[in-house]
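Asker: Quick one: the structure is below, questions incoming.
The values are calculated or read from the model by the stated rules, or taken from the named source; none is laboratory data. As the structure is a computational prediction, the values presented were derived from the model and not from experiment. Reconstructed Cβ throughout: ideal geometry from the backbone, glycine too, with neighbour counts over all protein chains shown.
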Amino acid sequence: MAKPGRPGAAKGKKSATKGSGGKNKRSLTGRGPTPKAEDRTYHKAHKRKELAERSAAKHPKRQQQGPRRRPNDDNEYVTGRNSVLEALRTNIPATALYIAQRIEMDDRVKEMLTLAHKNNLPMLEVTRPELDRMAGFDGVHQGVALKVPPYEYAHPQDLLEQIIDRGQTPLLVALDGVTDPRNLGAIIRSTAAFGGQGVIVPQRRSAGLNSAAWKTSAGAAARIPVAMAPNLTQVLKDLKKQGVFVLGLDGGGEVEMPNIELSDRPLVVVIGSEGEGLSRLVTETCDQIVSIPISDAAESLNAGIAASVALYQISTLRAA
């Protein structure tokens, strides 16, 4: 006896109907959910993701602390109120002055505005995030930035001739392997403070006068010229031929700083890197290697501090 069918169920064999036969359903099996835009190789979001990953691999610290980057143009941005004001006072060839919206005015900002107006320098009001971008990853702008073209380095020979023409006893500082622009800025500032007339940097393996150096110099870079040497050793030899004595600073120097005998002569003081010191060729070129006595608590001095100590001692001896 046949079993009763379910209430409402159709009786008899189900007839075939026209359709896909499940073809489309089978063709979708295994594809899963639609991938995200950034995971699709042909999508522009995927390209942005790849660029961000490459940037993070090259600059992990920058990725963690925020997206602040210097712009990719040929200009530099002098930032900070003291640095910008000194640059405007010395009439460096700036192209624009940027002021933060609702900036807190003080005497420095008022003088900046006066100087910019006097020199017909364009003044633009911008947001603080835009100033953050100009200042770079670790820059501090204090609400102002000055756009300047790439620095034009002097030639070492021209620098020496200008000093002699002014009737001054040359006191120059040369850098050998100093690659931190903040050290360069500090050395420029010390050179200005202790009577030096210029700084020489090699074309290779050296910091350049960028926005970080400008900032650290606290405006002194607007008064102390920086010359670039295609070959530092050769430039030092040329200076020696013209009566300039080359004094190298090194922890293993045979003469301690207070006992130098060349302080009243035309001098170029060579500062090496903190890690490696003076290079072999530069050491062989020096007339005298001088050390700064320090306690056993420190292995060495920062390049900027070493330059300050040496220049102070030389200026003291010259004044005596």
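Asker: Looking for whichever is in contact with a Leu (Cβ under 9 Å, 6 or more places away or on another chain) and more than 30 Å from ASP132 (Cα to Cα) here; the options are THR283, THR233. Which one fits?
Answerer: THR233
Asker: Right, something else. Please state which one of LEU171, LEU131 is in contact (Cβ under 8 Å) with a residue 60 or more places away in the chain and farther than 15 Å from ALA213 by Cβ.
Answerer: LEU171
Asker: Could you check the stretch 100-190 for helices (runs of 4 or more DSSP H) lying wholly inside it with 1 or more residues that are more than 24 Å from LYS237 (Cβ to Cβ) and touching a Lys or Arg at 6+ places or on another chain (Cβ under 9 Å)?
Answerer: 107-118, 128-135
Asker: I need the full set of residues from the stretch 260-278 which are charged (D, E, K, R) and surrounded by 18 or more Cβ atoms within 10 Å (Cβ to Cβ), in order please.
Answerer: Matches in the stretch 260-278: GLU274 only.
Asker: Inspect all residues belonging to the stretch 207-225 and state whether any of them is surrounded by fewer than 24 Cβ atoms within 10 Å (Cβ to Cβ), touching a strand residue (DSSP E or B) at 6+ places or on another chain (Cβ under 8 Å) and either under 22 Å from SER315 (Cα atoms) or not assigned by TED's automatic domain parsing to the domain that holds GLU276 (or both).
Answerer: Yes - at least one qualifying residue is present in the stretch 207-225.
Asker: Considering every residue within the stretch 198-206, establish whether at least one is assigned to a helix (DSSP H, G or I), within 19 Å of the chain's Cα centre (by Cα) and in the same structural domain as ILE314 (by TED's automatic domain parsing).
Answerer: Checked against the condition, which is being assigned to a helix (DSSP H, G or I), within 19 Å of the chain's Cα centre (by Cα) and in the same structural domain as ILE314 (by TED's automatic domain parsing), the stretch 198-206 yields no hits at all.
Asker: Based on what the data block shows, is GLY251 more than 19 Å from ILE164 (Cα to Cα) and of a type in the set (Gly, Ala, Ser)?
Answerer: Answer is yes for this residue.
Asker: Please tell me if ARG182 is over 14 Å from the mean Cα position of the chain (by Cα) and of a type in the set (D, E, K, R).
Answerer: Spelling it out, it is not the case that ARG182 is over 14 Å from the mean Cα position of the chain (by Cα) and of a type in the set (D, E, K, R).
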